[in-house]
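Trainee: Below you'll find the structure I mean.
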Amino acid sequence: MKKTFQLHVEGKHPERLLEAIKHEIRKYLKRERRRDLPEGADFWDFDCKFGLTEATADVVHLANLITCIDNAAKEQAQQFYVEILAKHGVRAKRPAGEALEYQERHALDGLDDHNND
């Protein structure tokens, strides 16, 4: 998806337009995640860019995309550009020492379900 969204369209309420844009982006992500994965892939990953124009678009993490859209709306931007490209990803296994350290850290925080008995 490579698209420039207008935030101010005559005759449409800006807040509803903003929610419709977010809905369209989430719908696109859902549709892409439903596609069949190629052999050897574990999940769909996304490369994202965001900017007020296509020329000024910077790479952003997918988790921060909606926040960037909200910030553009707060700053009264007239438009913004979003680019989302799907790619397949393969999960990397954690080294054994790192996995153990992760479990110990969460057990100390009381977040490990096995220690809450």
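None of the figures in this text is laboratory data; all of them are computed from the coordinates on show. Nothing here was measured: the structure is a model prediction, and the numbers come from that model. Here the Cβ is made from the backbone with ideal geometry for all residues, glycine too, and neighbour counts use every protein chain on show.
Trainee: Just tell me which lysines come within less than 27 Å, Cα to Cα, of K2; anything on the same chain fewer than 8 places away is out.
Mentor: K12, K22, K27, K30, K49, K74, K87
Trainee: Which of the GluC sites (Glu not before Pro) found in segment 60-99 are in a DSSP loop and have at most 13 neighbouring Cβ atoms, other than their own, within 10 Å? Don't skip to the answer; put the middle values down first.
Mentor: Numbers: sites: E75, E83, E98; in loops: E75.
In loop regions of segment 60-99 (DSSP not H, G, I, E or B), the sparsely surrounded GluC sites (Glu not before Pro) are E75.
Trainee: Could you give the nm distance between label points at A55 and K74, where each point is 7 Å from its Cα heading toward the beta carbon?
Mentor: 2.8
Trainee: Right, here's the next one. Name the residues whose placed amide hydrogens come within less than 5 Å of the amide hydrogen of A77, ignoring near sequence neighbours (fewer than 5 apart) on the same chain.
Mentor: So A77 has HN proximity to no qualifying residue.
Trainee: Have a look at A77, L52, P38 and report the one farthest towards the positive end of the charge dipole of segment 35-83, computed about the Cα centre with Cβ charges (Lys/Arg +1, Asp/Glu -1).
Mentor: A77
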